[in-house]
Every structure is written in C-alpha cells, then in structure tokens.
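S.K.: Please find one structure pasted underneath; my questions will follow.
The values are calculated or read from the model by the stated rules, or taken from the named source; none is laboratory data. Remember, predicted model here, so these are calculated numbers, not experimental data. Glycine also receives a Cβ, built like all others from the backbone with ideal geometry; neighbour counts cover every protein chain displayed. Just the protein is used for accessible areas: all its heavy atoms, side chains included, with ligands, DNA and RNA removed. Shrake-Rupley method; radii C 1.70, N 1.55, O 1.52, S 1.80 Å.
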Amino acid sequence: MKNLTSLPAVPTYLARYMAIRDRKHRNTRALLTNAHALIEERYEAYEQAIGRGTLAGLRCHADALQLSESLRACYNGTTQPLTQLKQAIKDAQPKRLLKYCPLCGTTLPGTFDHYMPAVRFPEFAVHPLNLVPCCAKCNSTKDDDWLSAEGNRQFLHAYADQIPDLQFVTVTLHECAALGGVGATFSLERPAGLADEMWALIESHFRRLKLINRYGELSNDEVAEILAGCRNFHQEGGLSVQNFLRRQAVDRRAVYGRNHWIAVLMDAMAGHPNLMVWVQNA
C-alpha cells in the first residue's frame with residue numbers, strides 16, 4: 001500500500017476538465033460552459049479540502065447536482081482528452097506500482113474509482129485527484145458509501161492520505177505436518193505512535209474492503225508460488241534461500257510499500273527456521 005503520485009499542476013486540473021467538456025455534444029457543452037464559474041469554485045473547494053485535511057466536511061452542491069447528467073457525461077462518454085487524462089494518471093505512477101490495485105494490492109486496477117462519489121459530486125467526475133485507478137472489486141465494494149453514519153471517511157484517499165511508514169499488516173505462519181504444507185493468517189495491528197484518526201481510517205478501509213479476508217483467500221497460492229521460486233533459486237545453485245527471499249521482500253516493499261501483503265508474507269517466510277524444509281517439500 002503506497003500513495004499514488006498526483007498529476008502535475010500544468011496543465012491545470014480545470015484546464016483538463018475544460019478540454020473534456022469542449023469535446024461534448026453542443027447542448028451539454030453549452031450547459032457546462034454557462035456553469036464554468038461554479039465548476040471553478042468547486043475545484044478550488046476540493047483542492048482546499050485536501051490541503052486542509054477536511055474532505056469529510058465537503059458537502060454536495062445543489063447547483064452541481066442539477067447539472068449531474070451533463071457533468072457525469074464528461075466521464076461516461078469516451079473522448080480523446082478523457083482517454084489522455086486516464087493515461088496521464090497511469091503514466092505519472094512509478095514503474096510497477098499499478099501492477100496491483102492501490103486500494104487492495106491484490107489484482108490489476110482495470111477501472112477508476114471516483115473517491116468523492118460521482119452521484120453526489122458530479123462536478124468532480126473528471127477531477128484528476130478524484131480518479132483513482134483500482135480493481136473492479138474495490139470499486140463496486142466502495143461504491144458511493146464514502147462516509148460513515150457519523151460523518152467520518154471510510155476509505156483512504158490514494159493521493160491525499162499519507163500512508164504512514166509503520167507496520168500495520170502482519171502475518172502468522174502455520175505449519176501443517178499432516179499435509180506437509182504451510183498456511184498464513186493475516187491481521188491488522190495498530191503500531192505505536194500512529195494517530196487515532198489515521199488508525200481509524202486504516203482500520204475502516206481494511207474492514208470495508210474485507211482486505212484481511214482477501215489476503216487469506218489468496219495466501220495458499222502465494223505461499224506455493226514463493227516456495228517454487230525459492231526452490232528454483234536453490235536448484236540453480238543459489239547459496240542462501242533466506243537472503244534471496246529477503247531481497248525479494250525488500251524489492252516489494254520499495255515498490256508497493258511496507259504493508260503490501262506479499263512483502264509481509266515474504267518477510268515472515270524468510271525469517272522462519274523451517275523455510276528450507278518447506279522449499280524441499282514444495
């Protein structure tokens with residue numbers, strides 16, 4: 001889990017919206033052109049809320065909701081500027097980062113999530129900071145349920161929330177002598193020094209997206225794949241399987257963050273005294 005890189009400020013986010021708007025049909029374009037001052041005001045409000053850490057307090061705007069169909073058409077109808085925007089967001093990310101969905105870290109991000117739901121905030125339908133590459137499962141699970149009943153955000157914002165460089169995803173390995181295998185149980189543990197607000201947001205994000213369960217469902221296949229890679233390394237004359245696996249984990253952490261579940265799993269396996277037994281039995 002690692003933050004996404006925001007698009008640079010030039011061209012401005014508003015200019016990117018205008019390029020998309022100006023490719024829409026005449027009636028839609030006319031409505032949105034007449035509402036330009038409103039959209040400019042709302043873009044400023046969104047960016048200020050991110051800068052101040054007050055996203056949860058940003059409210060829907062009645063005038064924007066009146067234009068919902070036209071505003072959402074900017075995203076729902078394919079245009080060259082929209083395609084270019086999506087590609088620019090992808091190209092801005094470090095190499096390999098988008099091999100996994102930024103929200104869950106389990107599969108390819110084949111779609112974009114509107115962090116501020118388009119049904120409530122149609123004016124942000126093509127705002128670059130509101131378009132988060134993600135997988136279909138995270139997108140459908142998150143849907144438009146971004147606030148809790150108490151008015152708190154329930155999901156991490158991949159651009160705005162600085163993911164703390166502290167370990168909060170952990171794993172326990174279980175040996176099964178009868179089957180000659182090893183299993184993994186993941187958990188979420190609060191590290192010392194993590195602020196209450198950030199911990200509540202992380203815990204909610206993981207709970208709402210059922211990430212710990214998803215990691216568990218994928219763990220058997222991932223353990224088998226890791227052991228197969230270790231076995232191949234060993235059979236080709238590699239001297240230290242433990243060091244090989246630790247280097248793999250270091251590489252994963254560098255790209256995907258210290259709490260990426262596979263990096264956590266690799267670290268735990270590399271430090272287990274029975275690693276070579278598992279490799280030989282793989």
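S.K.: Please find, within region 180-231, the residue that is nearest to the chain's Cα centre (by Cα) out of those that are assigned to a strand (DSSP E or B) and polar (S, T, N, Q).
M.R.: Looking at the filtered set, the residue picked out is S187.
S.K.: Considering only residues that are more than 16 Å from Y100 (Cβ to Cβ), in contact with a helix residue (DSSP H, G or I) (Cβ under 9 Å, 6 or more places away or on another chain) and either outside any strand (DSSP E or B) or of a type in the set (F, W, Y) (or both), which ones fall in region 147-156?
M.R.: Correct list: S148, G151, N152, Q154, F155.
Each row is one residue, and each column tells you yes or no for (1) assigned to a loop (DSSP other than H, G, I, E, B); (2) within 18 Å of R21 (Cβ to Cβ); (3) modelled with pLDDT of 95 or more.
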| residue | (1), (2), (3) |
| --- | --- |
| L98 | no, no, yes |
| P102 | yes, no, yes |
| T106 | yes, no, yes |
| R120 | yes, no, yes |
| E123 | no, yes, yes |
| V126 | yes, yes, yes |
| V132 | no, no, yes |
| K137 | no, no, yes |
| T141 | no, no, no |
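S.K.: Can you list residue pairs whose Cβ atoms sit under 6 Å apart, with the first residue in region 26-45 being open to solvent by less than 90 Å² (accessible area, probe 1.4 Å) and the second being assigned to a helix (DSSP H, G or I) and acidic (D, E)? Count only pairs 6 or more apart in sequence or on different chains.
M.R.: Correct list of pairs: L38/D63; I39/E123; R42/E123.
S.K.: Within region 222-244, is there a residue that is within 15 Å of T172 (Cα to Cα) and open to solvent by less than 70 Å² (accessible area, probe 1.4 Å)? I'd like the intermediate steps shown before the answer.
M.R.: From region 222-244, those within 15 Å of T172 (Cα to Cα) are 222-223; that's our starting set.
If we keep only those that are open to solvent by less than 70 Å² (accessible area, probe 1.4 Å) too, we end up with 222-223.
Checked against the condition, which is being within 15 Å of T172 (Cα to Cα) and open to solvent by less than 70 Å² (accessible area, probe 1.4 Å), region 222-244 yields at least one hit.
S.K.: Let me ask you something else. What is the number of the single condition among (1) touching a residue at least 60 places away in the same chain (Cβ under 8 Å); (2) within 24 Å of P8 (Cα to Cα); (3) hydrophobic (A, V, I, L, M, F, W, C) that L147 does not meet?
M.R.: (2)
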